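A short worksheet on the structure shown next.
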Amino acid sequence: MANMAQAIRMALHYGEKNLAVKDIFGQDVGAPLGGVFTATQGLENSWNTPLDERGIISMAMGIAMTGERCVAEIQFVDYIFNTIDLLKIAGNTLWCTNGGFPLPMVIMSPVGAGIRGSVYHSHSFDAWASRLPGWKVVMPSNPLDAYGLLLSAIQDPNPVLFLKPKALMRVRGDDLIPGEPEDEKELKAMIDAPIGDRTSWKPRWPKVEGYMVPIGQGKITRAGEQVTLVSYGRHLLLCNQVADELKEEGYSVEVIDLRSIYPYDWQMIKTSVEKTGRVVFVNEDTEVTNFAEHLVYRVVQELFYSLLARPLVVAGKNVPGIGLHPNLEDASVPQKHEIAEAVRSVVAEVP
Amino acid sequence: MAKKAPGKAAAKPLKTAKASSQSLNSLTKLPKALLLQMHDLMVKSRMLEERLIKIYKAGDAYFWIGAPGEEAWGVPIGLQVLKGRGPEYDYLHMHYRATPTLVAMGMPMIDSIRLIMNRSTDPSTGGRNFSNHYSFPEWNVAPVTSPIEVQYGIALGTAHVQKRHKSKGITLVTGGDAGTAEGDFASCLIWSSRKGRELPMLITVQNNKWGISTSFDGQHGETNIADRARAFNIKARSINGNDPIESYLTLQEDMAYIRKTGKPAFIEAHVSRLYGHSSASGANFVSNELCCLNDFETKLLKAGLIKEAAVKELYEKYAQEGFEAQQIVKGEPVPTSESIWDNVYVGSENADWRKF
Ligand SMILES: Cc1ncc(C[n+]2csc(CCOP(=O)(O)OP(=O)(O)O)c2C)c(N)n1
Ligand SMILES: [Mg+2]
């Protein structure tokens, strides 16, 4: 089974071969490294940029203006903040030109904590990204979705932000990517660059096939009746674990992997919350003006009379950074036991 | 040399990796006591960095980044800084390869070890940030930030205030070669050189020819980074930062020029990267780059300015100091969970919305 880094690599390869992706670029994205998480190893059209995030985003915008397809990377999302006005412009160009200039471009960037990355390798961007109208924003929780979402992003005529949960880059999924060899050792031998000298190394790509996860479509990863847990990315996996563990205590938890942050799958949330009457939203971005607060607002507005308990948000603490020491990181981003407590407390609430 | 201290191998002068860069004559340009002091501090800084790497490799730290290989550049800075707090003294805005400068300024080894082992006793960040992310307000050492190059813009502000104070203090900024692609670097050149409003700052770049895995050659159209400063009429040169004597003399001249004229100067120092970028690339010794410490030491030995036994003792002393500091730090307290709310605001005024 591919890990997420390999899945992204295979999607980019598919994109080069079939979807006319001509440029894949960013800091250390090209040879010899192929990306700090190896997600761009061995690709034909990958190249290294100067250490200049504004240059990277604006280059992508210019390429997109010509109609050609590119995927650019910001090495860690922690370093995207100096491009925020360019992200605004990329998001408003179509609107300002009244449809004249679509910008079909993909920006990908590793996000989130979970690797003891300290202050500048732990930032989240989902809440920030949800405030960039004109952008679509996706965030996979497993390799197959990463593959399918990236292929959808490449084909989308709009700018798409592809957020990669960095703690999941080495995590394998449960499903094969169409065309992926069954034996993960074989896959590794085919597409992972060797340690050491790679000057003459070339990948042998498996014949991967087109597979799209439509942007805006969530997925129910655990079916349940009592309470709905909505998440994405790294915390989706924690939510699945919580659902499984609480099942043994007799709780019935439905888990939704949103997969797309904007546009999001409201119909899926609605159907589930109408059934359960209880909902907890989980993500690791900071809690004040968190994207989940918008979802709570909508739940309250549209599903108020179906609710049996107050909707909850479990999110990162409103602190300026994530400290290196585990005590600091663990107190700053949601932990499994906090999600479980939130579930227990909403289920215990009686209207 | 320094690689395996403490132990016998540590004190033996090893072969230099490349042909020696310094002529023996240059040793006459500085007093013997200063040469020996620089050597002493270079050894101390190297032994500290090697201790940090050991701590990382032993699993007692999550990440290492630092400056082994840049001692011949960093130590002469630390020795010539006007050290103190406030605009009357020099401000230093450095990147994450600042250990040699701080060691030369008098930072005890243990404080660097507290930082990499994220103890609450870490004076720079209280256990919040990575190794080499120093911050010493009492010495005007501005916090090292992970985001590359922001220090080049921030440095303008401290220099601006120093100019207003007509102070002797100047602002010094350091960073890597790849980082010069960021707009902040251009801001620094533009803002510091405005006619009639020049700023008293020493703008420097440690050019190790790498940005992680990306080599200098594929990313730069300019021949020397210093050429960019020349375009703004800034006094600029490229030097061999592997030679502590050349570094010392260039810094001395340029710092005096800035203190006298109030105008900026620029130094591009060519340096080596001896243990790769960081622990993310293994933090292993690379043998194909020139080791400035080894090179300088060989000169001192050949010229009879230092004896092998004394060199050996030096390595052993600092290896021991690093080792002992690590043992002490192991027993020191770690930050508590509740402390995430400390210092969000001045005086740790309540930052948690649940409490107001
Ligand atoms: C704004 C920003 N972008 C990207 C990074 C990731 N990063 C960390 S170090 C580095 C390379 C820096 O190279 P250089 O400026 O030459 O300094 P060196 O490490 O070689 O001393 C990069 C890209 C970062 N820290 N900050
Ligand atoms: Mg460099």
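At a glance:
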{"read-out": "Checklist (1) at positive phi; (2) touching a Gly at 6+ places or on another chain (Cβ under 9 Å) applied to A:Y211, failing item", "value": "(1)"}
{"read-out": "Count of the range B:299-331 residues which are closer than 18 Å to B:G59 by Cβ and open to solvent by 30 Å² or more (accessible area, probe 1.4 Å)", "value": "4"}
{"read-out": "Hits in the range A:58-76 (condition: within 12 Å of chain B (Cβ to nearest Cβ) and either in a loop (DSSP other than H, G, I, E, B) or open to solvent by less than 20 Å² (accessible area, probe 1.4 Å) (or both))", "value": "A:I74, A:Q75, A:F76"}
{"read-out": "Residues satisfying the stated conditions in the range B:239-253, i.e. surrounded by fewer than 22 Cβ atoms within 10 Å (Cβ to Cβ) and either of a type in the set (A, V, I, L, M, F, W, C) or touching a residue at least 24 places away in the same chain (Cβ under 8 Å) (or both)", "value": "B:I239, B:N240, B:E246, B:L249, B:Q252"}
{"read-out": "Every pair of residues 6+ apart whose Cβ atoms lie under 6 Å, when the first sits in the range B:195-222 and is among the aromatic types (F, W, Y) while the second is assigned to a loop (DSSP other than H, G, I, E, B) and within 13 Å of ligand 1 (Cβ to nearest atom)", "value": "B:W210/B:R273; B:F216/B:D177; B:F216/B:K209"}
{"read-out": "Residue that is nearest to ligand 2 (Cβ to nearest atom), among those in the range B:167-205 that are within 14 Å of chain A (Cβ to nearest Cβ) and polar (S, T, N, Q)", "value": "B:T180"}
{"read-out": "In the range B:225-238, residue nearest to the other protein chains (Cβ to nearest Cβ) [restricted to those that are open to solvent by less than 50 Å² (accessible area, probe 1.4 Å) and within 16 Å of ligand 2 (Cβ to nearest atom)]", "value": "B:I225"}
{"read-out": "Failed item in (1) in contact (Cβ under 8 Å) with a residue 40 or more places away in the chain; (2) open to solvent by 10 Å² or more (accessible area, probe 1.4 Å); (3) not small (G, A, S), with A:P181 passing the rest", "value": "(1)"}
{"read-out": "Single residue of the range B:202-224 satisfying the filter (part of a loop (DSSP other than H, G, I, E, B) and more than 14 Å from ligand 1 (Cβ to nearest atom)) that is surrounded by the most Cβ atoms within 10 Å (Cβ to Cβ)", "value": "B:N224"}
{"read-out": "Qualifying residue in the range A:40-49 (condition: touching a residue at least 60 places away in the same chain (Cβ under 8 Å) and away from ligand 2 (no atom under 16 Å from the Cβ))", "value": "yes"}
{"read-out": "Any hit, the range B:275-286, residues being modelled with pLDDT of 95 or more, farther than 23 Å from B:G74 by Cβ and open to solvent by 70 Å² or more (accessible area, probe 1.4 Å)", "value": "no"}
{"read-out": "Hits in the range A:14-37 - residues which are buried (at least 22 other Cβ atoms within 10 Å of the Cβ) and more than 14 Å from every other protein chain (Cβ to nearest Cβ)", "value": "A:Y14, A:G15, A:V21, A:I24"}
{"read-out": "Hits in the range B:145-159 - residues which are under 14 Å from the mean Cα position of the chain (by Cα) and either open to solvent by 30 Å² or more (accessible area, probe 1.4 Å) or within 11 Å of another protein chain (Cβ to nearest Cβ) (or both)", "value": "B:T145"}
{"read-out": "A:G99 vs. criteria under 20 Å from the mean Cα position of the chain (by Cα) and either away from chain B (no Cβ under 14 Å) or within 16 Å of ligand 2 (Cβ to nearest atom) (or both)", "value": "no"}
{"read-out": "Residue match in the range A:112-128 (condition: away from chain B (no Cβ under 14 Å), part of a loop (DSSP other than H, G, I, E, B) and farther than 30 Å from B:F63 by Cα)", "value": "no"}
{"read-out": "Candidates B:A231, B:A236, filtered to the one that is away from ligand 1 (no atom under 14 Å from the Cβ), of a type in the set (A, V, I, L, M, F, W, C) and touching a Phe, Trp or Tyr at 6+ places or on another chain (Cβ under 7 Å)", "value": "B:A236"}
{"read-out": "Flag for A:R234 being open to solvent by 40 Å² or more (accessible area, probe 1.4 Å), under 14 Å from A:D126 (Cα atoms), within 17 Å of the chain's Cα centre (by Cα) and away from chain B (no Cβ under 14 Å)", "value": "yes"}
{"read-out": "Residue under evaluation B:S135, criteria (1) within 13 Å of another protein chain (Cβ to nearest Cβ); (2) within 16 Å of ligand 1 (Cβ to nearest atom), criterion not met", "value": "(2)"}
{"read-out": "Number of positions in the range A:69-128 that are within 16 Å of ligand 1 (Cβ to nearest atom) and among the aliphatic types (A, V, I, L, M)", "value": "12"}
{"read-out": "Every residue from the range B:313-349 that is acidic (D, E), within 14 Å of chain A (Cβ to nearest Cβ) and either under 29 Å from the mean Cα position of the chain (by Cα) or under 18 Å from B:R114 (Cβ atoms) (or both)", "value": "B:E332, B:D342"}
{"read-out": "Which listed residue, of A:E274, A:E245, A:E284, A:E186, is in contact with a Pro (Cβ under 9 Å, 6 or more places away or on another chain) and part of a helix (DSSP H, G or I)", "value": "A:E186"}
{"read-out": "The one condition in (1) under 15 Å from the mean Cα position of the chain (by Cα); (2) at pLDDT below 95; (3) not basic (K, R) that A:E73 fails to fulfil", "value": "(2)"}
{"read-out": "Verdict on A:L303 being at pLDDT 95 or above, open to solvent by 10 Å² or more (accessible area, probe 1.4 Å) and more than 14 Å from chain B (Cβ to nearest Cβ)", "value": "no"}
{"read-out": "Selection from the range B:144-181 of residues that are more than 16 Å from ligand 1 (Cβ to nearest atom) and touching a Gly at 6+ places or on another chain (Cβ under 7 Å)", "value": "B:Q162, B:K163"}
{"read-out": "Filtered residues of the range B:53-77 (kept if within 14 Å of chain A (Cβ to nearest Cβ) and either in contact (Cβ under 8 Å) with a residue 24 or more places away in the chain or open to solvent by less than 10 Å² (accessible area, probe 1.4 Å) (or both))", "value": "B:I55, B:Y56, B:D60, B:A61, B:Y62, B:F63, B:W64, B:I65"}
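The values are calculated or read from the model by the stated rules, or taken from the named source; none is laboratory data. Fair warning: this is a prediction, and the values are worked out from it, not measured in the lab. Note that each Cβ is placed from the backbone with ideal geometry, even for glycine, and that neighbours are counted across all protein chains shown. Each accessible area value is taken on the protein alone, full model and side chains, heavy atoms only, with ligands, DNA and RNA left out. Shrake-Rupley method; radii C 1.70, N 1.55, O 1.52, S 1.80 Å.
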